[in-house]
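Read-outs: derived from the displayed coordinates by stated rules, not from any lab. Worth saying up front: this structure is predicted, and the values here are computed from it rather than measured. Reconstructed Cβ throughout: ideal geometry from the backbone, glycine too, with neighbour counts over all protein chains shown.
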Amino acid sequence: MPYQEDFLLRAYRSMRTIREFEERCIKEFMGGNIPGFVHASNGQEAIAVAACIDLSDSDIIGSTHRGHGHCIAKGCDVGGMMKEVMGRSTGLCKGKGGSMHIADIDKGMLGANAIVGGGPPLVNGAALAAKTLGTKNVALSFNGDGSANQGTTMEAMNMAVVLQLPHIFIYENNGYAEGTAANYGLGCDSLTDRNAGFGMPAEYVDGNDFFATYDAIKVATQRARDGGGPTSIEAKCVRFDGHFIGDPQLYRGEDEVKNARKTEDCLKIFRARVIKEGWLKAATMNAIDKEIVAEIEKAVADGLAAPRPDPSTDLLSDVYSSY
Amino acid sequence: MSTVHTKGTEMTTNSNDAKIGGKTSIKAYREALNDAIREEMRRDPTVIVLGEEVSGGAGCDGQDDAYGGVFGVTKGLMPEVGRERVIDTPISEAAIIGAAAGAANNGLRPIAELMFFDFIGVSFDQIFNQAAKFRYMFGGKSKTPMVIRGTVGAGWRAGAQHSSILHSVVTHIPGLKVVMPSNAYDAKGLMVQAIRDEDPVIFLEHKVMYNNECEVPDEQYAIPFGEAAFPRQGKDVTIVAISNMVTHAIAAADILAKEGITCDVIDPRTVSPLDDEAILESVEVTGRLVVVDEGNPRCGLASDIAGIVAEKGFFSLRAPIRTVTAPHTPVPFAPELEDAYVPNVDKVLAAVRDVLGA
Ligand SMILES: Cc1ncc(C[n+]2csc(CCOP(=O)(O)OP(=O)(O)O)c2C)c(N)n1
Ligand SMILES: [Mg+2]
């Protein structure tokens, strides 16, 4: 068996947790329990987990506006996350951040980011710190097909090559930047080729295939730890929901998502593979599913019961100066 | 005088606007902006719109014009004039603003959209070092007739990076004009002026106001920059408010009117140029000034206006000036915190009572 059973169980649990968390977020948002803008990552779970499963808390990730999956994969507490997206004072960021700004520094989760392209320069900094301090830690940034076109992203890529930083640029290519097709926004035929042009190894993988994605990222991470500099990994994937929860998605073909849920669901693909190979039993995974449903149910119940921030104490805290 | 309605409150625009006649319709702020841009695009083929999702659906299998801007302000323009003039761009704000400025130097009148004005950060050099400085730095030889539109402000639970207002940042910069309409009527007239203006104009739309309706003339009209509106007139206290804060100022004035306190509510409509004369004239009568602004307090518009009045109207003042602003913090996400962050009617009332010593 090329993968340890424990590894496979962790991978499955993490992916399933993300799926359940996102689906519950959609439901709770629609029910009015989650305010603001929420970008769900269901459909894209395999990439987040493949990227983070081997990382320690001292390895750093920088995330995007679509960051719940990255948080969960990096080990953030789902209870604290649910409270945060609900805006409660016991949330991961005391309710001050919300879905687009979840961060958990202790877990090496540098933050979701509501500015497209905001992350990669910061992740370069984390990688620079690791390199300078000789920690052998690595840093990963999550990027999209859309954020690939932001100047900050391209500057960070070039600098990562120049300084040979241990930074893995993960590109989740879900085919869309909001309601714009990826291949409209990208002027080139292949993002991977463009990224290779910066002078770093660049791989293209099927992001619905956990194993292919994991294997590619593992090589990149090892290279970075060994001082071999940055890598770009473009992983093709499908966004199962809107750009944001509530997006009418008029720009998408009629049966596109319906079909993708049938044939391009990374969780179904994972299950089919591990069952076929005889690596895990369906019953074991079904039992995990049940546990996770209960876990997220509890996260929602705890979130709804959690205290709301108190403006008299919380509005003016955590900032240098309040006039 | 024409009367406009904002969220159930009545406001009277200043006499300057009374000349606009003809048929009117009830229009939302969003529609008024759309009308202004559409008519200018029909009238002038050099007007173009560019930005992210300004039409939407580019390269996709589903519907074209799927968004028309994420707030729907530019909806329907692309089907009418085509993708050559309503241009969906990659997510590259520096390149968007730079392209608009360069095109403005070369015969077009671009309207560039920053989907959320917070994204100015990514593009700031192209605005303040480039577009804003060309005319002066090139000895008056260069023209940059462009509009940068963006949605601003808190109230949508959109979090720290999608809720800033930032008008004082751009107001600080010579070469830029900064426009902040508080109702649909002004939104239309100011947008027309912004498009026809020869300088770069920053046009800030408050995201909580897009559905606010009032009576708007059907015909195209331009409201000159630097002329305040006077939605309420009074003699006891001057309240200067901008953008969505005008709504709160009017509500406060109406409550106080019932107590026999009359307020002169001034909506400058454009903060650069600023109608400081109107403010000073009002303070001459009232002797009392409250400035209401959603921006952060330091180096903000409220302290700027307070400074102007302290300098030029000191001897009219009968009480210290009071400012009502957001606190000096980023915009928080949680609803309770965000609601406490944004100035509201109660805070305006407290400030007015304070300057009256009541
Ligand atoms: C600087 C900046 N520009 C624009 C936006 C608005 N915006 C948020 S997400 C997004 C699309 C991002 O597309 P992509 O990188 O492919 O990520 P995906 O949403 O597909 O996960 C846009 C345009 C933003 N948040 N920040
Ligand atoms: Mg995308």
Looking at region A:117-207 only, what percent of DSSP beta bridges run antiparallel? Nearest 5 please.
25
At 0.692 mPa s and 37 °C, Stokes D of chain B from Kirkwood alpha-carbon radius, µm² per second:
160
In region A:1-47, how does Rg compare with the Kirkwood Rh, expressed as the Rg/Rh ratio over alpha carbon atoms?
1.16
Within chain A, what percent of beta bridges assigned by DSSP are antiparallel, to the nearest 5?
10
Please list, ordered by chain and number, the residues whose modelled amide H lies under 5 Å from the amide H of B:Ile87; skip anything fewer than 5 residues away on the same chain.
B:Val49, B:Leu50, B:Gly51
Using a Debye calculation, one point per C-alpha and no hydration shell, please list log10 I(q)/I(0) for chain A at q = 0.07, 0.09, 0.10 Å⁻¹ in order.
-0.26, -0.44, -0.55
Give me the number: length gained by fully extending A:Thr132 to A:Lys290, i.e. 0.36 nm times residue separation minus the C-alpha to C-alpha distance, one decimal in nm.
52.4 nm
Using alpha carbons only, how many degrees (0 to 90, rounded to 10) separate the axis of helix B:29-43 from the longest principal axis of chain B?
50
Compute the Kirkwood hydrodynamic radius of region B:114-185, taking the inverse of the mean of 1/r over all pairs of distinct Cα atoms, and give it in Å to one decimal.
13.5
Applying the Karplus parametrisation 6.51 cos²θ - 1.76 cosθ + 1.60 with θ = phi - 60° to the phi angles of region A:236-241, what ³J(HN,Hα) value in whole Hz is obtained for each residue in order, glycine and proline being reported as x?
6, 7, 10, 8, 6, 10
Percent antiparallel among DSSP beta bridges with both residues in the protein assembly as shown, to the nearest 5?
25
Taking 7 Å along the Cα-to-C-beta vector as the label spot, tell me the B:Lys312-A:Lys276 distance in nanometres, rounded to one decimal.
7.7
Between region A:224-302 and region B:190-240, how far is it from one alpha carbon centroid to the other, in angstrom?
48
In whole Hz and in residue order, list the ³J(HN,Hα) couplings for region B:243-252 that follow from phi through the Karplus curve 6.51 cos²θ - 1.76 cosθ + 1.60, θ = phi - 60°; x for Gly and Pro.
6, 5, 5, 4, 4, 5, 5, 5, 4, 5
5 angstrom amide H check on B:Ile266, placed H, neighbours 5+ away:
B:Ile239, B:Val240, B:Ala241
Kindly provide the GluC sites (Glu not before Pro) of region B:168-241 that DSSP labels as loop, not H, G, I, E or B, and whose Cβ sees at most 14 other Cβ atoms within 10 Å.
B:Glu198, B:Glu219
Just to compare against my own numbers: the Cα pair-distance distribution for region B:19-217, 10 Å bins, whole % per bin, please.
9, 37, 38, 14, 1
Could you go through region A:246-258 in sequence order and give the Karplus-derived ³J(HN,Hα) for each residue, using 6.51 cos²θ - 1.76 cosθ + 1.60 with θ = phi - 60°, rounded to whole Hz, and x for Gly and Pro?
x, 5, x, 6, 4, 7, 9, x, 4, 9, 3, 6, 4
For the pair B:Glu281/A:Glu23, report the inter-label distance in nm, with labels modelled 7 Å from Cα in the Cβ direction.
6.6
Enumerate cysteines in chain A without a disulfide-compatible partner, where compatibility requires another Cys Cβ under 4.7 angstrom.
A:Cys25, A:Cys52, A:Cys93, A:Cys188, A:Cys237, A:Cys266
Determine one quarter of the surface area of the Cα convex hull of region A:96-161, which equals its mean projected area, and express it in nm² to one decimal.
5.0
Taking amide hydrogens as modeled 1.01 Å from N in the peptide plane, which residues meet the under 5 Å criterion relative to A:Ala40, leaving out close sequence neighbours?
A:Ile245
Global geometry of the protein assembly as shown, whether rounded, prolate or oblate, following the gyration tensor of its Cα atoms and the 1.5 cut on a/c
prolate
From the Cα centre of region B:100-148 to that of region A:47-70, the distance in Å is 38
